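This report refers to the structure that appears directly beneath it.
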Amino acid sequence: MTQSSTARDGDARERLLARLLDAFGADLPAPDVSLREIAARTGTSHALLRYHFGSLPGVLAAMLKAQRSRDNEALVEAAQQGTFDDLVVAIWRAYTRPEQLSRVRGFFHVVGLAAYNPEHFREFIDSLDDLTKMLASLAEREGLDADEALAVATVTTAAMRGLLLQEVLTPMAHPEDVVALILRVKHLNRPDVPAHRGQA
């Protein structure tokens, strides 16, 4: 049976994405570089990058989705034995390491572009619920009903992303114990749950 052209294109795209990830590691190309520069670093052609990803934002979105998927594999392992609070701490620490700064900036750059043209970034947008789903699952495991767990997880994820954006724009402008501040969202509605250590 002959492999369809769609399947071949998909395989070629994945191979090209793997080369991008190998070339840039945990970083992202800066928004002001050209596809030609990325192609030169990756050992491919800008025409292939344009064919498979459409544009530089398309390259960034695909790389971000793949990088975040890798991150989530490690976070899921941590969540298996940990608590909701443990996962929040792990997520915050993972994305506030100095070596993550270029990727975090790239994340907000792509989010801004997606806000103007969501249909061109649908796959990336759909992947943004991954952390919320993991947190909601842990919240349910700790006794919240499904709707409450999802609400708490949604607000917690939004709080982390908002404070992360603040960290990018105005470093050190946040309170000292950011994790305690984030977790307060959960504990405000759960007076029977002990507050995170360090929370006022």
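Summary of computed values
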{"quantity": "Those residues of the range 63-86 which are among the aliphatic types (A, V, I, L, M) and either in contact with a Cys (Cβ under 7 Å, 6 or more places away or on another chain) or free of Cβ contacts under 8 Å to residues at least 60 places away in the same chain (or both), in sequence order", "calculated": "Met63, Ala66, Ala74, Leu75, Val76, Ala78, Ala79"}
{"quantity": "Selection within the range 39-82 - under 16 Å from the mean Cα position of the chain (by Cα) and either loosely packed, with under 13 Cβ neighbours inside 10 Å or not in a helix (DSSP H, G or I) (or both)", "calculated": "Ser69, Arg70, Glu73, Ala74"}
{"quantity": "Condition broken by Pro29, with the remaining ones in (1) without any contact (Cβ under 8 Å) to a residue 24 or more places away in the chain; (2) assigned to a loop (DSSP other than H, G, I, E, B); (3) buried (at least 19 other Cβ atoms within 10 Å of the Cβ) satisfied", "calculated": "(1)"}
{"quantity": "Qualifying residues in the range 87-128 (those that are of a type in the set (Ser, Thr, Tyr), within 19 Å of Phe53 (Cβ to Cβ) and in contact (Cβ under 8 Å) with a residue 12 or more places away in the chain) - the one surrounded by the fewest Cβ atoms within 10 Å (Cβ to Cβ)", "calculated": "Ser102"}
{"quantity": "Pair list, Cβ < 9 Å and 6+ apart or interchain, from the range 132-154 residues that are outside any helix (DSSP H, G or I) and modelled with pLDDT of 95 or more to residues that are buried (at least 16 other Cβ atoms within 10 Å of the Cβ) and among the hydroxyl-bearing types (Ser, Thr, Tyr)", "calculated": "none"}
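The values are calculated or read from the model by the stated rules, or taken from the named source; none is laboratory data. A quick note: this is a predicted structure, and the numbers were derived from the prediction, not measured. In this analysis, Cβ positions are derived from the backbone assuming ideal geometry, glycine residues included, and neighbour counts consider all displayed protein chains.
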